[in-house]
Amino acid sequence: MIFKNLILYAVISVISIPVFGQETINLYDGAVPNSKKSEVVETKTFDGIERIAAVTVPQIIAFFPDKSKNTGKAAIIFPGGGYSILAIDHEGYAIAKRLNEEGISAFVVKYRLPSDVTMEDKSIGPLQDAQRAIQLVRERAAEWGISKDEIGIVGSSAGGHLASTLGTHYQKALIPNPKNTSLRPDFMLLLYPVISMSSDITHKGSQVNLLGQNPSASQLDNYSNEKQVTDDTPPTFMVHAKDDKVVPIANSERFRDALISHHVPVKLLEYDEGGHGFGLNNRTTEDKWFNHFMEWFKNLD
């Protein structure tokens, strides 16, 4: 993709911009870590849904429930898009608003997409933003009426890879963490996620965008998150269609099996049909996966 050469706008520590009545907050105060100077400028496209590309100023868009419904729980949302764009509408804002209806605060992350032009090491850029997102929400939890030990993550497709990477790589901080804030999510909700970098089941586009054309064996293992599960990996709910031809359901199955082997609570909701990228609504069925998730979620405690 070719972007017009424009002057990169300055980073401001906090911006309040209404998005569905909510606010947008820059992830970092000052310089963005692991970034290069460039003339790349964020772009948006609309074809019924909003897509964002070339993010250089990562942000969270905060969605808060009515105070009367607030449960103190929160979820941080990573939209998918093959690590090339962010499908921020149906895999971000729509899910956030649905979580709000259940009294759950939600934060849609506009994370940096891997780029050799804008990053020193593109393989860690998205994970740095994911770690910073949970760090920021946890450190401001009291201010936002959130319990700091009830903060989970949601990821779709490549956003599911990012979420599961955060959920299995939280012990090593890739960002400054002077308060030693826990970067471990308390739960994970993964929709048709890319889990593995193994050649037989991975989404090749996500692999190339994140790791390049010729990743090392150690990189492939490190980012194959089914191989990184431990007894302390967060409880996980997954949704996947058996006819998904973009990201094979084997990704979710292998992650489920790894979680079971480590005695981590997990549920994989499988649909016979639905393909890939359906967001909240699998149009091939009247069944609503979100209702199953909420039942599972309420029984976690």
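Values in this text are rule-based calculations from the coordinates and carry no lab data. Since this is a predicted model, take the numbers as computed values, not measurements. Note that each Cβ is placed from the backbone with ideal geometry, even for glycine, and that neighbours are counted across all protein chains shown.
Along region 35-40 the Karplus relation, 6.51 cos²θ - 1.76 cosθ + 1.60 evaluated at θ = phi - 60°, assigns HN-Hα couplings of 10, 10, 5, 7, 9, 5 Hz to successive residues, with x for each Gly and Pro.
Fully extending the segment from Lys245 to Thr24 would add 76.1 nm, taking 0.36 nm per residue of separation and subtracting the current Cα-Cα distance. Springs join every pair of Cα atoms under 10 Å in this Gaussian network model of the chain, and among Ile260, Ile124, Ile52 the largest mean-square fluctuation is at Ile260. Judged by the mean number of other Cβ atoms found within 10 Å, the most tightly packed of the peptides 27-39, 223-235, 126-138 leads the ranking 126-138, 223-235, 27-39.
Looking at the chain, the DSSP beta bridges with both ends there are about 40 percent antiparallel. When you restrict to C-alpha pairs under 8 Å that are six or more residues apart and normalise by the size of region 23-298, the relative contact order lands at 16 percent.
Amide H contacts of Met238: Leu190, Lys267, Leu268, Leu269, each under 5 Å away and 5 or more positions distant or on a separate chain (H built 1.01 Å from N in the peptide plane; Pro and chain starts excluded). Quick one: if the Förster radius is 22 Å, what FRET efficiency do Ser38 and Asp121 give, using the C-beta to C-beta distance and rounding to 0.05? The formula returns an efficiency of 0.90 here. Set against the labelled values (i) 0.93; (ii) 0.97; (iii) 1.07, Rg/Rh (Cα atoms, Kirkwood Rh) computed from this structure falls on (i).
Taking amide H as placed 1.01 Å from N in the peptide plane, the amide H of Gly152 sits under 5 Å from that of Ala74, Ala75, Ile76, Asp186, Phe187, each at least 5 places away or on another chain. Based on Cα contacts under 8 Å between residues 6+ apart, region 61-187 shows a relative contact order of 31 percent.
Using alpha carbon centroids, what distance separates region 222-260 and region 68-116, in Å? What the calculation gives is 20 Å, centre to centre. For region 171-301, the Kirkwood radius over C-alpha pairs fed into Stokes-Einstein at 37 °C and 0.692 mPa s yields D = 205 µm² per second.
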